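Taking it in order: structure first as structure tokens, then the write-up.
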Amino acid sequence: MSVHAPASPEVVGLFRELLGEDAVLADPRDLERYAHDDAEWAPYATPLAVVLPGTEAEVAAVVREASARGIRVVPRGSGTGLSGGANAVVGCIVLSLERMTAVLEVHADERYAVAEAGVLNDVLRATVAKHGLWYPPDPASSAISTIGGNAATNAGGICCVKYGVTRDYILGMTVVLADGSVVKLGRRTAKGVAGYDLTGLMVGSEGTLGVIVDVTVRLLPLAHRERRAVVGSFASLTAAGEAVAAVSRAGIIPSALELVDSVCLRAVDAWQDLGLPHDADTLLLAQVDEPGATGEALADGIRAAMEGAGALRVDTAADAAEVDRLFLARRLAYPSLERLGPVLTEDICVPRGAVPEMLARIQRAAADHDVTIANIAHAGDGNLHPLIIAPEADDAAKARAKAAFDRIVDDCLALGGTTTGEHGVGLLKLPGASVELGARVVAMHRAVKDALDPAGILNPGKAFPG
């Protein structure tokens, strides 16, 4: 569902006077392109204009002017979100940080970097690698998603089962508040507990409390990691889920443990011809990165867990190119499926021990609602991504897909899970978040929002139930 309207000449003129002609987009094609992120299933409107500031001072000036005139502001990175968190609302400008692409500082001795919000995740990783450092969070969209967007949604990723999510690496940030004032939050030291954790509050707030213009990230040494992959083939989703639970029970923490089902494998191979195996229902891709004998022992332990769970076959790979090829299939699963039709993407997270049962419930939801559901997952931390595919222009199929989506959220909560593990609440997860959080906690969210954005201009209607 969308609301279409032309650009506002008054708003376009106002911000062009402030920033210059090329920093404000008004062409209908641009307005449509920026009107939503990858969650086209969520409602969106045509923005009054798209504004492209290039500096912290310009972001502050835009927000200050919007605040003074009661214009809503929807911050945006590169639009790779999957929950509607960057979808335009009626009466808004979309404020894109895509031109703020400088890595401002890399401090090798103290192991931190400062990056503007528009820096792509992979660009940051490549930049710090030149200094022998590593930024671990790696969402599947790392080649095209921005570090500011990663911070705004508290993005996860493939290696987060061992190394943690974005919040675990954000030391500080610069934020433009709703009145256009600029604050520096956090620290650059290894430790620090002065005041409330306002940096942590901003991480995952989806642009509802402030506009993140740069982040200071903690880094790890790049050296002393030897990657080994263990790949298990399984006859069913639930058997693969049992292997995930077995790895957890064995006390092994892999650096990645990813699930990809046969629907995804076929879609990726049809697009990229990677030579992926087609003789199994589900693949489980594990990786360890400890060096030497320790890494070998962990890989052997994962192999034993997979075999004990009934794997049809277990293979290992230590060649870096082969490991990358296998995990590329996981990263390409979502765009490959998009080629088959509109995809409604889930992002539930359950306790690791509940993974087999949740996968079984997903299969039942697919059968009961007569929809195709492909499955990928950060299975090692219980973060599952059922991908519900509906044929183009088939309203009945879309209605069944939405019913399956809601049922999967309900099943997740019934198993002690959460409605979103890494994509954020945005718009799509508002009903589930309302049930999960409860009225008193929602009121706490509202109190924080009202304190920092009393006029409600920053990304209204997103991130928590209103």
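Can you work out which of the residues in the stretch 131-162 that are open to solvent by 20 Å² or more (accessible area, probe 1.4 Å) and in a loop (DSSP other than H, G, I, E, B) is modelled with the lowest pLDDT? Only one residue tops the list, namely Ala140. Checked against the criteria, Asp289 does not count as of a type outside the set (Gly, Ala, Ser) and either open to solvent by 10 Å² or more (accessible area, probe 1.4 Å) or under 25 Å from Thr372 (Cβ atoms) (or both). Would you call Val51 hydrophobic (A, V, I, L, M, F, W, C) and under 23 Å from His4 (Cβ atoms)? Here the answer is yes, as Val51 does meet what is asked.
Here Gly426 meets the list (1) open to solvent by 10 Å² or more (accessible area, probe 1.4 Å); (2) touching a residue at least 60 places away in the same chain (Cβ under 8 Å) almost entirely, failing just condition (1). Taking each residue of the stretch 288-312 that is farther than 16 Å from Ala379 by Cβ and looking for partners that are basic (Lys, Arg) and buried (at least 16 other Cβ atoms within 10 Å of the Cβ) with beta-carbon atoms closer than 6 Å, six or more apart or interchain, yields Asp289/Arg227; Gly295/Arg228; Ala299/Arg228. Among the numbered conditions (1) open to solvent by 10 Å² or more (accessible area, probe 1.4 Å); (2) over 13 Å from the mean Cα position of the chain (by Cα), the only one that Val128 does not meet is (1). Select from the stretch 421-466 the residues that are of a type in the set (S, T, N, Q) and within 18 Å of His36 (Cβ to Cβ) and list them in ascending order. Selection gives Asn459 alone. Against the test of being within 23 Å of Thr146 (Cβ to Cβ), more than 28 Å from the chain's Cα centre (by Cα) and either of a type outside the set (Asp, Glu) or buried (at least 17 other Cβ atoms within 10 Å of the Cβ) (or both), the options Gly13, Gly20 yield a single qualifying residue, Gly20. For Leu387, the conditions (1) touching a strand residue (DSSP E or B) at 6+ places or on another chain (Cβ under 7 Å); (2) closer than 22 Å to Leu285 by Cα; (3) among the hydrophobic types (A, V, I, L, M, F, W, C); (4) open to solvent by 10 Å² or more (accessible area, probe 1.4 Å) all hold with the exception of (4).
For the stretch 404-421, filtering for residues that are over 21 Å from the mean Cα position of the chain (by Cα) and either part of a strand (DSSP E or B) or under 10 Å from Val371 (Cα atoms) (or both) leaves 1.
Between Val183, Val175, the distinction of being closer than 24 Å to Thr420 by Cβ, modelled with pLDDT of 95 or more and assigned to a strand (DSSP E or B) belongs to Val175 only. If I filter the stretch 115-131 for residues that are touching a Leu at 6+ places or on another chain (Cβ under 6 Å), under 30 Å from Ala178 (Cβ atoms) and not small (Gly, Ala, Ser), do I get at least one hit? No, the stretch 115-131 contains no residue that is touching a Leu at 6+ places or on another chain (Cβ under 6 Å), under 30 Å from Ala178 (Cβ atoms) and not small (Gly, Ala, Ser).
Where helices (runs of 4 or more DSSP H) fall entirely within the stretch 1-108, those with at least 3 residues that are in contact (Cβ under 8 Å) with a residue 24 or more places away in the chain are at 9-19, 56-69.
Candidates in the stretch 173-225 are the residues that are farther than 22 Å from Gly156 by Cβ and of a type in the set (S, T, N, Q); of these, the one that is surrounded by the most Cβ atoms within 10 Å (Cβ to Cβ) is Thr174.
Would you say Gly432 is in contact with a strand residue (DSSP E or B) (Cβ under 6 Å, 6 or more places away or on another chain), open to solvent by less than 40 Å² (accessible area, probe 1.4 Å) and over 23 Å from Leu177 (Cβ atoms)? The answer is no for Gly432. Out of curiosity, is Val435 touching a helix residue (DSSP H, G or I) at 6+ places or on another chain (Cβ under 8 Å), modelled with pLDDT of 95 or more and not in a helix (DSSP H, G or I)? Taking the combined requirement at face value, the residue does not satisfy it. Residues in the stretch 235-260 that are of a type outside the set (A, V, I, L, M, F, W, C) and either in contact with a Leu (Cβ under 6 Å, 6 or more places away or on another chain) or open to solvent by 20 Å² or more (accessible area, probe 1.4 Å) (or both): Ser236, Thr238, Gly241, Glu242, Ser248, Arg249, Gly251, Glu258.
The values are calculated or read from the model by the stated rules, or taken from the named source; none is laboratory data. Keep in mind the model is a prediction, meaning the values are calculated, not measured. Here Cβ is always computed from backbone atoms with ideal geometry, including for glycine, and neighbour counts include all displayed protein chains. Protein only, heavy atoms only, side chains kept; ligands, DNA and RNA dropped before computing areas. Shrake-Rupley method; radii C 1.70, N 1.55, O 1.52, S 1.80 Å.
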